[in-house]
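Participant: A single structure is presented below for examination.
Computed from the coordinates by the stated procedures, all read-outs in this text should not be read as laboratory data. For clarity, every value in this text was computed on a predicted model and none was experimentally measured. Note: ideal-geometry Cβ built from the backbone for every residue, glycine included; neighbour counts use all protein chains shown.
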There are 4 protein chains.
Amino acid sequence: MKKLSEKEIKKVLEKALEEGRKVIPDGHVATYIPQLGLVDPNLLGITIVTKDGDVYSVGDCDTRFTIQSISKTISLAVALELCGREEVFSTVGMEPSGEAFNSMVELDLNSNKPYNPMINSGAIAVESLIIPKASFSDMLLYTKRFCDDMEITIDDATYASEMSHSSRNRAIAYLLQSKDIIKTDVDDSMVLYTRMCSLSVTSRSLANLALLFAMGGVSPKTGERLISAETCRIVKTIMMTCGMYDGSGEFAVEVGIPTKSGVGGGLLSVVDKELGIGIYGPSLDAKGNSIAGKVMLKYLADELELHLFS
Amino acid sequence: MKKLSEKEIKKVLEKALEEGRKVIPDGHVATYIPQLGLVDPNLLGITIVTKDGDVYSVGDCDTRFTIQSISKTISLAVALELCGREEVFSTVGMEPSGEAFNSMVELDLNSNKPYNPMINSGAIAVESLIIPKASFSDMLLYTKRFCDDMEITIDDATYASEMSHSSRNRAIAYLLQSKDIIKTDVDDSMVLYTRMCSLSVTSRSLANLALLFAMGGVSPKTGERLISAETCRIVKTIMMTCGMYDGSGEFAVEVGIPTKSGVGGGLLSVVDKELGIGIYGPSLDAKGNSIAGKVMLKYLADELELHLFS
Amino acid sequence: MKKLSEKEIKKVLEKALEEGRKVIPDGHVATYIPQLGLVDPNLLGITIVTKDGDVYSVGDCDTRFTIQSISKTISLAVALELCGREEVFSTVGMEPSGEAFNSMVELDLNSNKPYNPMINSGAIAVESLIIPKASFSDMLLYTKRFCDDMEITIDDATYASEMSHSSRNRAIAYLLQSKDIIKTDVDDSMVLYTRMCSLSVTSRSLANLALLFAMGGVSPKTGERLISAETCRIVKTIMMTCGMYDGSGEFAVEVGIPTKSGVGGGLLSVVDKELGIGIYGPSLDAKGNSIAGKVMLKYLADELELHLFS
Amino acid sequence: MKKLSEKEIKKVLEKALEEGRKVIPDGHVATYIPQLGLVDPNLLGITIVTKDGDVYSVGDCDTRFTIQSISKTISLAVALELCGREEVFSTVGMEPSGEAFNSMVELDLNSNKPYNPMINSGAIAVESLIIPKASFSDMLLYTKRFCDDMEITIDDATYASEMSHSSRNRAIAYLLQSKDIIKTDVDDSMVLYTRMCSLSVTSRSLANLALLFAMGGVSPKTGERLISAETCRIVKTIMMTCGMYDGSGEFAVEVGIPTKSGVGGGLLSVVDKELGIGIYGPSLDAKGNSIAGKVMLKYLADELELHLFS
């Protein structure tokens, strides 16, 4: 990573925002969940927090939005902590799938487990592992702590909207149950999964979460260990190979920062040992990733030399 | 069809039964629904009814068993009568699938409709078309009339067992809902589908149903038209191309009698304009078809010249 | 089948031609082989020959066109005669595939054999069985005899055009070789397969071939047995379930006459024990079947009661 | 990376070799190419070269073996240099496939391009891009220079063996041609592809190549730029996400060093900016990766803190 002055960093961020705004019209907000379709596509914000505690924010950084699939990183981390990696990875794989996030084809053809915890089938399986060990309120508390944001709550309107448009996820959950991959009640898994997706965050919350992963699980603020180093390593690696749906490979080449996206428009990006980056930009590309967010990250990666192999 | 004396036909049936019994040990009763696994695999019976009203029965012809997938022919017939072929075939296709009866792969890849009404996805879609037009008690009455068997009821133990092992069918139903193929409540569709599968019949009931299809929908007993000729033609053709799961093509070549199987061990075979054949033999081959039943039908087809192209 | 006078039959044929012509503009000639793209889409002809030797022809009945996939019925028949059904069906299956005629997906997923002899993979496998037992000139002689047409030759321009656009079929052939399904040289199989597809016939030749199958393999003219009854039964059944590519199921329901199509515009239709029908209409529907030919067959099936279950 | 003394590094390497040897019996040498099946499975060697020019070798480091799929990194690098990334990635994707290295399923279903350049279809497509710009002798020269090994030649016996067992790769190549993905002659592509796979290297050659990638394309010996930094970044990223066939995701989590394997038993591992590692261990796991090599790399990653996110 390049060393820059505070002023230079701010300038880079302003420029990144400007670059991002240009491509907003090329994307669309998610519409498969009606509530998500009501969002203003022009919102765009980014927050960077450094290991030294500096915070840089530009754009719509205080706007709350639903975390959606980014919660998969939290659930994976908690499941690894509570159940151990052996149990988790005997239930869900670690391989990129090459398929869309909600495909059932591979799961039906390859009978034993979902490809990875970042696609819906894998994440639902992860929730089912958590259920015997932690309640939703436990999970909410973990999320608040990991994100250093005590304001996080469920966005009720989005939760209701998702639950009433959950046919495909229910299909996935029942397929998992029919293959004995999940042992809990399907409804319980669906409720926990959908609640986790409906948590309301800001780009700042995501930047804090990213920094926690970057620092190997030790809170940069309090010095307290919240997650084990091994769990952080696993989560970061899987974000690298599987974090951007079926655009993960290209993103790794182009940007090279472990990142997880959500259809709410969020991006969680980890610059290992250095920075946490959180982005909000609800206009999505065809693969479901924030279109302006990707442009901003590419710009930052180039300017600040953040690519893993830069 | 060969013309034989009553005595000759009886002898052929006895010999068929004998041939069938030899292969019973090569198969297994269905076990994916626990209740089906309790059945005695050695049961075997066949009933033939002729257009002239003669009835020939050998073996376990009075044993009741659940109709399972054979009910798909009844539901298809009723849906065609109540909704019209246009509505039915805009919801479900007519093509053999080449896949197992409960595959979701093709449905997920090919988005618009299930391949045909004889696989689970297609049958569940058919039930959802029926729901606004007929209740289960209507359907039960249709079944009793078509089978000329007023004793038909739900086998409660099997129904309960199926409902508690219905994850895969629920997965299919939710996938159908997510693609807007079914518009009714998933639970309603599942209940109607599973109830229809749990109806308790005998080989005689099936033989009567087969004869009704063979006679183009006119009751051979009362002369009353119960089903239109066009509906019967459609059902018979789809039985020919899709009736034996992913063994349909081979069965058409080997035996050449339009037949629908059920995992309860039943076979419904239509010798057009001549005979109805009903079989019960719960030992199944790897594709889910009665193993002894197939041998008996092959024997009958050869001896009585029943192959469509014999 | 309805009994009609000669005059009535002619009238029905004239009307069928008229109905067929209406839909020609809804289709397109095949273009994936450039030579086929040069054909006049408005050509349309039909020939019916009866078991009593009557011949009815209307439209473009003397125009020669390439037989294409219809040759798969001849190759299957010859392979069954020369190698026996056991060898043939241990190499190729009998199940409809639900996929397009040139798909490789199922073959790669399901490793042991092509679904059936009417799709390209299955037909190439059949040619490889024939190669050790018969030369192309043998095959040409069989074809001439079966079609009672001594004028049949290779259409050299089409053959050359197909050979230079055979990448996909070569891909299929090498995949078959890699799975040990074909043991002969890939080039030899490709040459025989493509030559058989390039044979030049008329609707009259096809009607004769269809009648031969209808009569169980005995030449209606000479009384000589050219093909065994069992082989004819197999070919007719497979035409019924697999003859119209991934439109086979719908065609069976709608028309109910065992038929094989070719992308050259030909249709071979067998009315068992009664008629042979040959059609030429190069304007194809989206599945590769003669669009006007299908309309004509539907019209004939209704008027003459030719549906298997009519 | 941990800083260790020369003596400590040697000790770690000895221990790694010992660990690796334990698992050799759990794997098997590749047998789908007969010549590879003749190799002694107990061979095992590792070479590490550092940016400072130190070289550490233990085990069978002078044994030559065929580079196989590891050549895909060289071909990708050359194609990027000669054709530019735009042309390369309009022909082949960057996404992990989730499928075995020689699957054709996704390519047939997803029509436009192979998933990535590390699977056979992608690599054959890359060779076809190179053909108009570089001959095999050019490629050999590139390889010698990149590996700093002037002794590299084709292993003729392996080349001959592969060419006579190339049906599946030919199937892939013809499928690529049928989709217009490759424009060159199939035989030319097959020859170049197979020649590149048949190049004979040592663990030392691979370590040199790895170090070249680690140093961003500048020869650590001469200071000469052999490959652009951008090309190196792309190759390293794709090695990270796709380098270990359908075990890439798990390997990234467990070991976290960008690595490419070959069925000849080689492993090429890049510790960015620090080390090049080359391994030879022909006993393979079920996914085609050196079973002892993986254990050695895991051991080294733990001991020397080489995981990308350690």
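Participant: Hey, got the average number of other protein chain Cβ atoms within 10 angstrom for residues in A:227-239?
Facilitator: Per residue, the number of nearby Cβ atoms from other chains is 3 on average.
Participant: Which ³J(HN,Hα) values in Hz, rounded to whole numbers, follow from the phi angles of segment C:230-237 under the Karplus curve 6.51 cos²θ - 1.76 cosθ + 1.60, where θ = phi - 60° and Gly and Pro get x?
Facilitator: Listing the rounded values in order: 5, 4, 4, 4, 4, 4, 4, 5 Hz.
Participant: Run the dipole for segment B:110-156 about the Cα centre, Lys and Arg Cβ at +1, Asp and Glu Cβ at -1, nothing else charged, and hand back the magnitude in debye, nearest 20. Intermediate values should be presented prior to the final figure.
Facilitator: Numbers: 4 positive and 7 negative charges, 78 e Å.
Its charge dipole is roughly 380 debye.
Participant: Just counting partner chain Cβ atoms within 10 Å, what average do the residues of peptide B:163-169 show around their Cβ?
Facilitator: On the way: counts 0, 0, 1, 3, 10, 6, 2.
The per-residue average across the peptide is 3.
Participant: Moving to a separate point now. Apply the Karplus curve 6.51 cos²θ - 1.76 cosθ + 1.60, θ = phi - 60°, to the phi angles in segment A:63-74 and return the couplings in whole Hz, x for Gly and Pro.
Facilitator: 5, 8, 8, 7, 5, 6, 5, 5, 4, 4, 6, 5
Participant: Now for a different question. Charges only on Cβ, +1 for Lys and Arg, -1 for Asp and Glu: so what's the dipole of the protein assembly as shown about the Cα centre, in debye to the nearest 20?
Facilitator: On the way: 124 positive and 164 negative charges, 1 e Å.
That gives a dipole near 0 debye.
Participant: Given the options A:169, A:196, A:109, identify the residue whose Cα lies farthest towards the positive end of the charge dipole of segment A:69-197 (+1 on Cβ of Lys, Arg; -1 on Cβ of Asp, Glu).
Facilitator: Of A:169, A:196, A:109, it is A:109.
Participant: Continuing with this model, one more query. Would you mind checking which residues have amide H under 5 Å from residue A:266's amide H? H placed 1.01 Å from N; only 5 or more apart, or other chain.
Facilitator: Sorted by chain and number, the residues that satisfy this are A:281.
Participant: When a footprinting reagent is the concern and you count Cβ atoms within 10 Å, what order do A:190, D:150 take, fewest first?
Facilitator: Values: A:190 21, D:150 9.
Ascending number of Cβ neighbours within 10 Å: D:150, A:190.
Participant: Please turn the phi angles of segment A:238-243 into ³J(HN,Hα) values with the Karplus equation 6.51 cos²θ - 1.76 cosθ + 1.60 (θ = phi - 60°), one per residue in order, whole Hz, x for glycine and proline.
Facilitator: 5, 4, 5, 8, 9, x
Participant: Which semi-axes, in whole Å and largest first, does the equivalent ellipsoid of segment B:1-125 have when worked out from the alpha carbon gyration tensor as the square roots of 5 times its eigenvalues? Walk me through the intermediate numbers first.
Facilitator: Values: eigenvalues 232, 93, 36 Å².
For segment B:1-125, the ellipsoid semi-axes come out as 34, 22, 13 Å.
Participant: Among the trypsin sites (Lys or Arg not before Pro) within segment A:269-310, which fall in a DSSP loop and have no more than 16 other Cβ atoms within 10 Å of their own Cβ? The partial results should precede the final answer.
Facilitator: Numbers: sites: A:273, A:287, A:294, A:298; in loops: A:273, A:287.
Filter output for segment A:269-310: A:273.
Participant: Taking H placed 1.01 Å from N in the peptide plane, check which residues at least 5 places from residue A:284 or on another chain put their amide H under 5 Å from its amide H.
Facilitator: Close amide H contacts, sequence-distant or interchain: A:28, A:29, A:30, A:291.
Participant: To continue, here is another question. Report, in whole Å, the centroid distance computed from the Cα atoms of segment B:208-243 and segment C:290-304.
Facilitator: 24 Å
Participant: Same structure, new question: Rounded, prolate or oblate: which fits segment B:165-310, taking a ≥ b ≥ c as square roots of the Cα gyration tensor eigenvalues, rounded meaning a/c under 1.5, else prolate when a/b beats b/c? Walk me through the intermediate numbers first.
Facilitator: Working: a/c = 1.90, a/b = 1.42, b/c = 1.34.
The shape class here is prolate.
Participant: Springs between alpha-carbon pairs under 10 angstrom, Gaussian network model over chain C: which of C:16, C:77, C:134 fluctuates most?
Facilitator: C:134
Participant: Write out the trypsin sites (Lys or Arg not before Pro) in segment B:80-146 meeting two conditions: DSSP loop, and at most 13 other Cβ atoms within 10 Å of their Cβ. Numbers along the way, then the final one.
Facilitator: On the way: sites: B:85, B:133, B:144, B:145; in loops: B:133.
The qualifying sites are B:133.
Participant: When the helix-only estimate is applied to chain A (DSSP H runs of n ≥ 4, each -39,500 (n - 2.57), divided by the residue count), what is the mean residue ellipticity at 222 nm, nearest 500 deg cm²/dmol?
Facilitator: So the calculated ellipticity at 222 nm is -14000 deg cm²/dmol.
Participant: With the cut-off at 31 Å, tell me which of the pairs A:15/D:2; D:72/D:273; C:144/C:236 have Cα atoms farther apart than that.
Facilitator: On the way: A:15/D:2 37 Å; D:72/D:273 21 Å; C:144/C:236 19 Å.
Long pairs (Cα-Cα over 31 Å): A:15/D:2.
Participant: Let me ask you something else. In Å, what is the Rg of the alpha-carbon atoms in chain C, and how long is Dmax?
Facilitator: Gyration radius and largest Cα-Cα distance of chain C: 17.9, 57 Å.
Participant: Using only the Cα atoms of segment C:117-185, build the gyration tensor, take square roots of its eigenvalues as a ≥ b ≥ c, and label the shape rounded, prolate or oblate: rounded if a/c is under 1.5, else prolate if a/b is larger than b/c, else oblate. Let's see the in-between values first.
Facilitator: On the way: a/c = 2.43, a/b = 1.46, b/c = 1.67.
Oblate.
Participant: Report the relative contact order of segment B:69-197, percent, no decimals, based on alpha-carbon pairs under 8 angstrom and at least 6 residues apart. If you can, show how the numbers build up before the last one.
Facilitator: Working: 144 pairs, mean separation 38.5, N = 129.
In percent, rounded to a whole number, it is 30.
Participant: For B:182, A:227, C:154, which order do you get if you count the other beta carbons within 10 Å of each Cβ and list the fewest first? Could you put the intermediate results ahead of the total?
Facilitator: Working: B:182 27, A:227 23, C:154 18.
In order of increasing Cβ crowding within 10 Å: C:154, A:227, B:182.
Participant: Let me know the charge dipole size of segment A:69-197 about its Cα centre in debye, to the nearest 20, where only the beta-carbon of Lys, Arg (+1) and Asp, Glu (-1) is charged.
Facilitator: On the way: 11 positive and 19 negative charges, 37 e Å.
Using Cβ point charges on Lys, Arg, Asp and Glu, segment A:69-197 gives about 180 debye.
Participant: I've got another one for you. Mind listing the Cα extents of segment C:69-197 along all three principal axes, in Å, largest one first?
Facilitator: Sorted largest first, the three principal extents are 42, 33, 27 Å.
Participant: For the protein assembly as shown, what are the per-bin percents of Cα-Cα distances with bins 20 Å wide, up to the bin holding the maximum?
Facilitator: For the protein assembly as shown, the binned pair fractions read 11, 34, 35, 18, 3, 0 percent.
Participant: Tally Lys and Arg at +1 and Asp and Glu at -1 over the other residues with C-beta under 13 Å from the C-beta of residue C:32: what net charge comes out? The partial results should precede the final answer.
Facilitator: On the way: positive: C:168, D:179; negative: C:162, D:180.
Local net charge: 0.
Participant: Considering amide H positions built from the backbone, and no H for Pro or chain starts, which residues 5 or more places from residue B:215, or on another chain, come under 5 Å of its amide H?
Facilitator: B:273
Participant: Still on this model: Can you put C:104, B:163, B:139, B:118 in order, fewest other beta carbons within 10 Å first? Mind showing how you got there, number by number?
Facilitator: Numbers: C:104 24, B:163 16, B:139 21, B:118 30.
Lowest count first: B:163, B:139, C:104, B:118.
Participant: For segment D:1-116, what is the relative contact order in percent, using Cα pairs closer than 8 Å and at least 6 residues apart in sequence? Could you put the intermediate results ahead of the total?
Facilitator: Working: 72 pairs, mean separation 17.5, N = 116.
Relative contact order of segment D:1-116: 15 percent.
Participant: Let me ask another. What's the minimum Cβ distance from chain D to the axis relating it to B, in whole Å, and which residue gives it?
Facilitator: Checking which Cβ lies nearest the axis yields D:109, 4.
Participant: Could you work out the mean count of beta carbons from other protein chains within 10 Å of each residue's beta carbon in B:123-130? Before the final figure, lay out the partial values.
Facilitator: On the way: counts 0, 0, 0, 0, 0, 0, 0, 0.
Averaged over the peptide's residues, the number is 0.
Participant: By the scheme Lys and Arg +1, Asp and Glu -1, what is the net charge of all other residues having a beta-carbon under 10 Å from that of residue B:66?
Facilitator: So the environment of residue B:66 carries a net charge of -1.
Participant: Okay, moving on. When Lys and Arg each count +1 and Asp and Glu each count -1, what net charge do the other residues less than 10 Å away from residue B:234, Cβ to Cβ, add up to? Before the final figure, lay out each step's value.
Facilitator: Values: positive: B:85, B:233, B:236; negative: B:230, C:254.
Around residue B:234, the charge tally is +1.
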